[in-house]
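Single-structure report; data block below.
The numbers here are math on the coordinates, done by the rules we state, and not lab data. Everything numeric in this text was worked out from a predicted model, so none of it was measured. Ideal geometry is used to build each Cβ from the backbone, glycine not excepted, and the neighbour counts take in all protein chains shown.
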Amino acid sequence: MKNLNVLVVDDEPGICSGVKRILKNFTVSYPFMDEDRGFQVYESFTGEEALDFIKQSPPDIVLLDNKLPGIQGTEVLDYINKNNRDIIVMIITSYASLELAVKATDQGAYDFIPKPFTPQELKSAMENVTKNIFLRSMTKRLNKEGKEVRFQFLSVLSHELKSPLNAVEGYLRMMQERQAGEQLSDYQQVVERSLQRIKGMRTLIMDLLDLTKIQSDEKDKQYEQVNLADIARSAIESVNPYAIQKELDIRFHEPDQPVSLYSDPNDMEIVMNNLVSNAVKYNYEGGRVDIHLEGTREGARIRVSDTGIGMNQEETARLFKEFVRIKNEKTKNITGSGLGLSIVKQVIDLYGGDIQVKSEPEKGSTFTVFLPTKEEYNAETTSS
Amino acid sequence: MLTDDDVDYLFQMRFYLEQSGFRVVTAESQKQAEEVLQSTRPDLAIYDLMMETEDSGFILSYKTRRQYPDVPIIIATAVASETGVSFSLNSEQEQKWIKADLYLEKGIRKEQMVKEINKLLNR
């Protein structure tokens, strides 16, 4: 059995000894590994100690507390990012600073584990990490053999595009060979499903076009003062047929003062359309959607809340990645490309803004977008 | 046993397999498939690759092999080789960690699928 070296960096001695105890006889087996993996746990009580340890003998995994007495966890993370990119960092964090932890995953931490954690939580986290370490090493090996493994955008994209094509092709073949009967009416469901799949594919293509649009050159952008209320109204209009079907109550809380932003109207449409249509799509029948706009000197704030199926914390954390669709019983019959929110995020990043999501399963979600006014955005980019 | 998160694929494949004289049990996810496997030993299993996770099909294959070493397994996927994802059962190394007997693209004709199934069942 091979051991993975784990360094726990936490000023609470209880955490270190807890981790040691939990991982002592714990091993991970993964379908593709020839051997099980165990864990050898080391401890550092400060960030400084941790850096010394890492310099001398880089471990495979670092469990890192955010709050440390001397230098902070983020500095240790920075060091690892710069010097030991192979080390997998898990942030240990109290629930109160969960937001920080999510941010840390953007800065290169692999994941986070909230404190206090149960033995089971730690074990399943370590299982994931082990799997990841193994897959990474395998990818490296395959690359060395001259094989290109890109489990990335293109492959997922081709998967997403080919699935509906296969489905429609299959249905057409059924009709061509008259598999289900001689009458056209025998194929009602077959035609219905084909149309559904084509619709899904169209959505995906439209989203892809959006994606290329926002990735296009700055010089192609057409900036103007955009009235966000207009954009909101047209977004509501475009989802209205669907909202009526679901008997949703969409309320647009129009601000007293017009809220405008110097921006490309296409970009604003992308943001608004995606947020509003998600609020409709993932809502329960008879639910509500609330859209608030707020303008300040610093920028514009858009808030879209729904009373829909919501998400748990783990789902929320993955939400803005490409092709992430939250798959569960509740979302089974909802179609989507899995690109919408990653596109929204890219647009918002382009404007130097930010997007926050608060969500509770079965209660609903609230997305809050802040977009700074252009001057501020300029000032910020030139000063940094 | 047929497992796929694409309900249309499931519907069509079930239709053809039943027409070809097979009895079909279906599952729409890795989780559901694992539940089915607890109580049912299929004569042959067909798994989609990407379901809840990118490697659901691999994991199902592994678990099936461990529980029922003799059950032939087909992985059918829309993940395409032309984009650089190169899984196959051609190299010894891949055979070692992909616990399936056959790795197929979903686009193959249904008759071909029936042929491959019969081959694995030694009919």
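Can you tell me the order of A:82-93, A:48-59 when each peptide is scored by its average per-residue count of other Cβ atoms within 10 angstrom, highest first?
Taking the mean over residues of other Cβ atoms within 10 Å, the ranking is A:82-93, A:48-59.
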Original post:
If amide H atoms are built 1.01 Å from N in the plane of the peptide, which residues on other chains or at least 5 residues away come under 5 Å of the amide H of A:I92?
Top reply: A:L64, A:D65, A:N66, A:I113
**OP:** List the residues whose amide H sits under 5 Å from the amide H of B:M51, counting only those 5 or more places along or on another chain, with H placed 1.01 Å from N in the peptide plane.
**Re:** B:S56, B:G57
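Which of A:K24/A:K103; A:K123/B:K31; A:K20/A:K358; A:K103/A:K281; A:K2/B:K99 have a Cα-Cα distance over 24 Å? Provide the component values of the computation, followed by the final result.
Details: A:K24/A:K103 30 Å; A:K123/B:K31 20 Å; A:K20/A:K358 34 Å; A:K103/A:K281 28 Å; A:K2/B:K99 22 Å.
Result: A:K24/A:K103; A:K20/A:K358; A:K103/A:K281 exceed 24 Å.
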**OP:** Let me know the whole percent of all Cα-Cα pairs from segment A:192-298 that are separated by more than 21 Å.
**Re:** 46 percent
**OP:** Evaluate E = 1/(1 + (r/R0)^6) for A:S94 and A:N128, where r is the Cβ-Cβ distance and R0 equals 35 Å; express this FRET efficiency to the nearest 0.05.
**Re:** 0.95
**OP:** Would you mind giving the mean number of other chain beta-carbons within 10 Å of the Cβ of each residue in B:3-10, as a whole number?
**Re:** 4
Original post:
³J(HN,Hα) across segment A:84-90 via Karplus (A = 6.51, B = -1.76, C = 1.60, θ = phi - 60°), whole Hz, x for Gly/Pro?
Top reply: 10, 5, 6, 6, 8, 10, 10
Subject >> Gain in span if fully extended, A:R202 to A:D220, counting 0.36 nm per residue against the direct Cα distance >> reply: 4.0 nm
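Determine the shielding of peptide A:161-174 by partner chains: average, over its residues, the number of Cβ atoms on other chains within 10 angstrom of each Cβ. It would help to have the intermediate numbers written out before the result.
Values: counts 2, 7, 10, 3, 3, 9, 9, 1, 3, 11, 3, 0, 4, 5.
Mean shielding count: 5.
Using a 10 Å cut-off on Cβ atoms, rank the peptides A:245-255, A:1-11 from the highest mean neighbour count down. Can you show the working numbers first?
Numbers: A:245-255: 14.4, A:1-11: 18.5.
Answer by packing, highest mean first, reads A:1-11, A:245-255.
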Subject >> Cβ-defined net charge surrounding A:M272, 12 Å radius [Lys, Arg +1; Asp, Glu -1] >> reply: -2
Subject >> Near-label residues of segment A:113-135 by backbone N, under 17 Å of a point 7 Å along Cα→Cβ of A:R21 >> reply: A:115-123
**OP:** Quick one: which residues, 5 or more positions from A:V289 or on another chain, have an amide H under 5 Å from its amide H? H modelled 1.01 Å from N in the peptide plane, none for Pro or chain starts.
**Re:** A:D249, A:I250, A:R251
Subject >> J(HN,Hα) series, segment A:114-122, from Karplus relation 6.51 cos²θ - 1.76 cosθ + 1.60, nearest Hz, glycine and proline x >> reply: x, 10, x, 10, 8, x, 5, 4, 5
Subject >> Derived scalar couplings ³J(HN,Hα) [segment A:172-184; Karplus, 6.51 cos²θ - 1.76 cosθ + 1.60; whole Hz; x for Gly, Pro] >> reply: 4, 4, 4, 6, 4, 8, 6, 6, 10, x, 8, 8, 4
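If you take every residue apart from B:E35 with its C-beta less than 13 Å away from the C-beta of B:E35, what net charge results, scoring Lys and Arg +1 and Asp and Glu -1?
Numbers: positive: B:K31, B:K63; negative: B:E28, B:E34.
Net of charged neighbours comes to 0.
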